[in-house]
Amino acid sequence: QVQLVESGGGLVQPGGSLRLSCQASGSIFSIHSMAWYRQYPENHRDLVAEITSDGSTVYGGTPKGRFTISRDKAKNMVFLQMTNLKPDDTAVYYCNAEVYPNSRDPTKTYWGQGTQVTVSS
């Protein structure tokens, strides 16, 4: 089993910045990719950004210039640097990881518990 623990959410004023962190631990052979999603109330989760093991990144609808994803492979961590935050960025942010449990089996998907980001004056 794999656990993902997010941190770094909170309340911030419009125009402010936050850095989310996610730590993966447990039965990890290797991690194919890690990502951040966000979910608005009564809505589905949308991809914010993804980073693969080779460092390739994909960004969702969020302008890449405001959000930046990065990863510490050695520590099984992923980060989301968010700048110039807007009220529309208010959501629960979830960490996601596609994890190889061993050298033979395909990846399994894991989710963190979510961290609330609120942008308000």
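The values are calculated or read from the model by the stated rules, or taken from the named source; none is laboratory data. Bear in mind that the values here come from a model prediction, so they are computed numbers and not experimental data. Here Cβ is always computed from backbone atoms with ideal geometry, including for glycine, and neighbour counts include all displayed protein chains. Note: accessible area is taken over every heavy atom of the protein model, side chains too, but ligands, DNA and RNA are not part of it. Shrake-Rupley method; radii C 1.70, N 1.55, O 1.52, S 1.80 Å.
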Worksheet entry | Pairs where the first residue, in the stretch 81-95, is among the aliphatic types (A, V, I, L, M) and the second is in a helix (DSSP H, G or I), C-beta under 8 Å, 6+ apart | Met82/Asp89
Worksheet item: Looking only at the stretch 7-27, which residues are in a loop (DSSP other than H, G, I, E, B) and open to solvent by less than 40 Å² (accessible area, probe 1.4 Å)?
Response: Gly8, Gly9, Gly16
Practice prompt. Go through the residues of the stretch 32-40 one by one and say whether even a single one is farther than 22 Å from Val117 by Cβ, open to solvent by 40 Å² or more (accessible area, probe 1.4 Å) and touching a residue at least 60 places away in the same chain (Cβ under 8 Å).
Written response: yes
Worksheet entry | Close pairs (9 angstrom Cβ cut-off, 6 or more residues apart or separate chains): touching a residue at least 12 places away in the same chain (Cβ under 8 Å) in the stretch 51-74, open to solvent by less than 30 Å² (accessible area, probe 1.4 Å) and among the acidic types (Asp, Glu) anywhere | Thr62/Asp89; Arg66/Asp89; Phe67/Asp89
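Regarding Lys108, is this residue touching a strand residue (DSSP E or B) at 6+ places or on another chain (Cβ under 7 Å), open to solvent by 70 Å² or more (accessible area, probe 1.4 Å) and under 29 Å from Gln1 (Cβ atoms)? Quick ask: steps written out before the conclusion?
Numbers: touching a strand residue (DSSP E or B) at 6+ places or on another chain (Cβ under 7 Å): yes; open to solvent by 70 Å² or more (accessible area, probe 1.4 Å): yes; under 29 Å from Gln1 (Cβ atoms): yes.
Against the criterion (touching a strand residue (DSSP E or B) at 6+ places or on another chain (Cβ under 7 Å), open to solvent by 70 Å² or more (accessible area, probe 1.4 Å) and under 29 Å from Gln1 (Cβ atoms)), Lys108 qualifies.
I need the full set of residues from the stretch 64-76 which are surrounded by fewer than 17 Cβ atoms within 10 Å (Cβ to Cβ), touching a strand residue (DSSP E or B) at 6+ places or on another chain (Cβ under 7 Å) and assigned to a strand (DSSP E or B), in order please.
Within the stretch 64-76, the subset surrounded by fewer than 17 Cβ atoms within 10 Å (Cβ to Cβ) is 64-66, 68, 70, 72-75.
Now drop any that are not touching a strand residue (DSSP E or B) at 6+ places or on another chain (Cβ under 7 Å), which leaves 66, 68, 70.
The answer is Thr68, Ser70.
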Practice prompt. Determine whether the stretch 41-51 contains at least one residue that is surrounded by 14 or more Cβ atoms within 10 Å (Cβ to Cβ), of a type outside the set (Asp, Glu) and not in a strand (DSSP E or B).
Written response: no
Discussion item. Return the pair list, or none, for Cβ contacts closer than 7 Å from residues in the stretch 5-23 that are farther than 13 Å from Met77 by Cα and in contact (Cβ under 8 Å) with a residue 60 or more places away in the chain to residues that are assigned to a loop (DSSP other than H, G, I, E, B) and among the hydroxyl-bearing types (Ser, Thr, Tyr), at least 6 apart or on different chains.
Written reply: Leu11/Ser120; Gln13/Ser121; Pro14/Ser121; Ser17/Thr83
Response to the item:
Wholly inside the stretch 82-121, strands (runs of 3 or more DSSP E) that include 2 or more residues that are closer than 27 Å to Gly16 by Cα and at pLDDT 95 or above are 91-100, 115-119
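Condition check ((1) touching a Leu at 6+ places or on another chain (Cβ under 9 Å); (2) among the aromatic types (Phe, Trp, Tyr)) across all residues:
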site	(1), (2)
Gln23	yes, no
His32	no, no
His44	no, no
Ser56	no, no
Gly61	yes, no
Asn76	no, no
Asp88	no, no
Cys95	yes, no
Tyr100	no, yes
Practice prompt. List the number of the failed condition for Gln1; all other conditions in (1) loosely packed, with under 12 Cβ neighbours inside 10 Å; (2) in contact with a Gly (Cβ under 8 Å, 6 or more places away or on another chain); (3) closer than 17 Å to Ala91 by Cβ hold.
Written response: (3)
